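A.B. asks: Below is a structure I'd like to ask you about.
The values are calculated or read from the model by the stated rules, or taken from the named source; none is laboratory data. Source: prediction; values computed, not measured. Don't worry about glycine lacking a Cβ; one is built from the backbone with ideal geometry, like all the others, and counts go over all protein chains shown.
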Amino acid sequence: MRTQLLLFLSLSLLIAPIDAQNHACHKGSPQTSLFPFCNTSLTYEDRAKDSVSQLTLQEKVQQLVNAAVGIPRVGVPAYEWWSEALHGVSNVGPGTRFNGTVPGATSFPAVILSAASFNATLWYKMGQVVSNEARAMYDVGLAGLIYWSPNVNVFRDPRWGRGQETPGEDPLLVSRYAVKYVCGLQEVGDAGNSTGDGLNVSSCCKHYTAYDLDSWKGVD
């Protein structure tokens, strides 16, 4: 399991590099761009395995938090994994920020309201809009490529204070919303079929279970 997680983390960093960014395998760093994991003719899996093999145990452990430290000797920069895009790119997570260049992003209605439309085409198109804005923010150095969205926890108890983040109480609706929004966010096609060489951004569904009660038995 730990090996699979490290491979996923490494693969995510290799999904869609942008020359304008300080990322692994940057062409401006010839001393590090010659590692096998920088060879785009290899499969993503082989590149991910090689990148993990280059790390010490301590360096691997340092990658298992949202604020992953950089590893200069292999040309891997620091990376913040925590970014949010539940219904628009948000600056709630430390991985995104706004400034004079990008003062804000499109904010759609709360997820529970959009889900109540039962309009799957709408959910997909919302994901596409958020995806394009997120990728544009990455291109100017204001965001990462990984978003902890959508929230797929079934809203079972109205006393839970974050229910508005979810599609609601119906498991079928939650699952259909998640599929469409993720497909739009990752720009992989309405049916989940990839339409390009890689993802536009990467979606990480969160709070699948056991996180929909406040202060249950003293646990927040």
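A.B. asks: With the structure loaded, tell me whether Gly144 is in contact with a Phe, Trp or Tyr (Cβ under 9 Å, 6 or more places away or on another chain) and under 30 Å from Ala78 (Cα atoms) or whether it fails that test.
C.D. replies: yes
A.B. asks: When region 96-131 is examined, which residues are found to be in a loop (DSSP other than H, G, I, E, B) and touching a helix residue (DSSP H, G or I) at 6+ places or on another chain (Cβ under 7 Å)?
C.D. replies: Matches in region 96-131: Thr96, Val102, Ala105, Thr106, Phe108, Ala110.
A.B. asks: Does at least one position in region 147-165 carry a residue that is acidic (Asp, Glu), modelled with pLDDT of 95 or more and part of a loop (DSSP other than H, G, I, E, B)?
C.D. replies: No: region 147-165 contains no residue that is acidic (Asp, Glu), modelled with pLDDT of 95 or more and part of a loop (DSSP other than H, G, I, E, B).
A.B. asks: Could you figure out which of (1) out of contact with any Pro (no Cβ under 6 Å at 6 or more places or on another chain); (2) modelled with pLDDT of 95 or more; (3) within 14 Å of Val89 (Cβ to Cβ) isn't true of Tyr181?
C.D. replies: Only one criterion is unmet by Tyr181, namely (1).
A.B. asks: Now a separate question. Going through Gly93, Gly88, Gly144 one at a time, which residue ends up being at pLDDT 95 or above, assigned to a loop (DSSP other than H, G, I, E, B), within 16 Å of the chain's Cα centre (by Cα) and surrounded by 15 or more Cβ atoms within 10 Å (Cβ to Cβ)?
C.D. replies: Gly88
A.B. asks: Kindly check whether there is at least one residue in region 207-214 that is under 17 Å from the mean Cα position of the chain (by Cα) and either modelled with pLDDT under 95 or not in a helix (DSSP H, G or I) (or both).
C.D. replies: yes
A.B. asks: What's the number of the only condition in (1) of a type in the set (A, V, I, L, M, F, W, C); (2) crowded, with 18+ Cβ neighbours inside 10 Å; (3) over 14 Å from the mean Cα position of the chain (by Cα) that Leu57 fails to meet?
C.D. replies: (2)
A.B. asks: Is there any pair with a first residue in region 24-46 that is closer than 7 Å to Gly75 by Cβ and a second that is of a type in the set (A, V, I, L, M) and outside any loop (DSSP other than H, G, I, E, B) whose Cβ atoms are under 7 Å apart and which are 6 or more apart or on different chains, and what are they?
C.D. replies: Once the first residue is closer than 7 Å to Gly75 by Cβ and sits in region 24-46, its partners that are of a type in the set (A, V, I, L, M) and outside any loop (DSSP other than H, G, I, E, B) give Ala24/Leu13; Ala24/Val76; Thr32/Val74.
A.B. asks: Right, next: Which residue out of Pro109, Pro72, Pro103 is at pLDDT below 95 and loosely packed, with under 15 Cβ neighbours inside 10 Å?
C.D. replies: None of the others qualify; the one that does is Pro72.
A.B. asks: Could you please give the count of residues in region 1-46 that are in a loop (DSSP other than H, G, I, E, B) and either modelled with pLDDT of 80 or more or not hydroxyl-bearing (Ser, Thr, Tyr) (or both)?
C.D. replies: Total satisfying the criteria: 24.
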